[in-house]
């Protein structure tokens, strides 16, 4: 018997197009001998489509409930933030990836930083601004320049700016607030940008893949255009000494457990000089699954091809996990 699988994608967030690209890659790499696949699309306006046909919410929910497992290939608000996960929990259907809490906490960069700092993990100094608030003079002096201005609850670097002179701040805040009224201003951390993928296997084992270094010759930081326009260069595995590789992998697994994650996670680090102690930049509870995305490339380098990666995530969703989780790294 084939596993009945719904791939859920699209959504109402600014990452709608990225979600479609992730879904395309997932659908192209699912083994047709193993899965009976139903495509479920959420349009930008919230309209649902099942198998290419418009459907009411009630009809879409009936389809999702009839599945063995749902693969939410959604990025950003209204999909990666716990909303869809809570709906699937209510329906009682298995789904891949992170649960309600980890998804909600991981979507909010400010909350993520608080949880990780409470666990003793190193994060960049920053300030949260709510709607209508400006950065206090004391915070400007403490953070110093340059700083990064980010929507607290958005991904794919949407609305992110690097501010190198304070007169640039108002425009950066306006841009960020187009995506979210809650804005995070962080001190820039000079150093190498390293990503580590974390994967939970069906037996509960949590593994960290080989670190990937991002270099962006044509931009000041890894922005949306660099991510999806081919402006970044990935070095995989990152040219690091074995001790630093292990340290980054261990930290990534610590982040996974600190946020109560399951299934998968990507942790983005800065490795500053001279101390080299990794700083957690951001996390992604459902990283990109496009052909240009870091996460599938990391696991391919570790020996897990894209179809096998999908099988692991789906099997994990279908497996009732018992006992303590174990952790290890994949060089």
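Each value in this text was obtained by applying a stated rule to the coordinates, not by laboratory testing. Please read all numbers here as calculations on a predicted model, not as lab measurements. Because the Cβ atoms are built from the backbone with ideal geometry, glycine has one as well, and the counts that use them run over all protein chains shown.
In this structure, residue 4 and residue 292 have a Cβ-Cβ separation that, at R0 = 35 Å, corresponds to a calculated FRET efficiency of about 0.75.
Can you tell me the FRET efficiency between residue 144 and residue 31 if r is taken as the Cβ-Cβ distance and R0 is 56 Å, rounded to the nearest 0.05? Taking R0 as 56 Å, the efficiency between residue 144 and residue 31 is 0.60. The mean sequence separation of alpha-carbon pairs under 8 Å and at least six residues apart, normalised by the residue count of the chain, gives a relative contact order of 19 percent. Listed by Cβ neighbour count within 10 Å, with the fewest neighbours leading, 96, 38, 245 appear as 38, 245, 96. Pairs of Cα atoms in the chain fall into 20 Å distance bins, from 0 up to the last occupied one, in shares of 32, 58, 10, 0 percent.
With respect to the chain, whose longest principal axis is taken over its alpha-carbon atoms, helix 16-29 is tilted by about 50°. A Förster radius of 51 Å, combined with the Cβ-Cβ distance separating residue 47 from residue 203, puts the computed FRET efficiency at roughly 0.80. Placing dummy labels 7 Å off each Cα toward the beta-carbon, the span from residue 118 to residue 17 is 3.8 nm.
One chain, two ends: residue 234 and residue 86. Fully extended at 0.36 nm per residue, the span grows by 49.8 nm beyond their Cα-Cα distance. Using a cutoff of 8 angstrom between alpha carbon atoms and counting only pairs six or more residues apart, the relative contact order for region 3-95 works out to 36 percent.
Were the residues from residue 305 through residue 250 laid out at 0.36 nm apart, the gain over their Cα-Cα distance would be 17.5 nm. Only helices enter the 222 nm calculation for the chain: every DSSP H run of n ≥ 4 contributes -39,500 (n - 2.57), and dividing by all residues gives -9500 deg cm²/dmol, rounded to 500. Gain on full extension, evaluated as 0.36 nm per residue between residue 130 and residue 24 minus their Cα-Cα distance, stands at 34.5 nm.
When the convex hull of its Cα atoms is viewed from all sides, region 126-187 shows a mean projected area of 3.5 nm².
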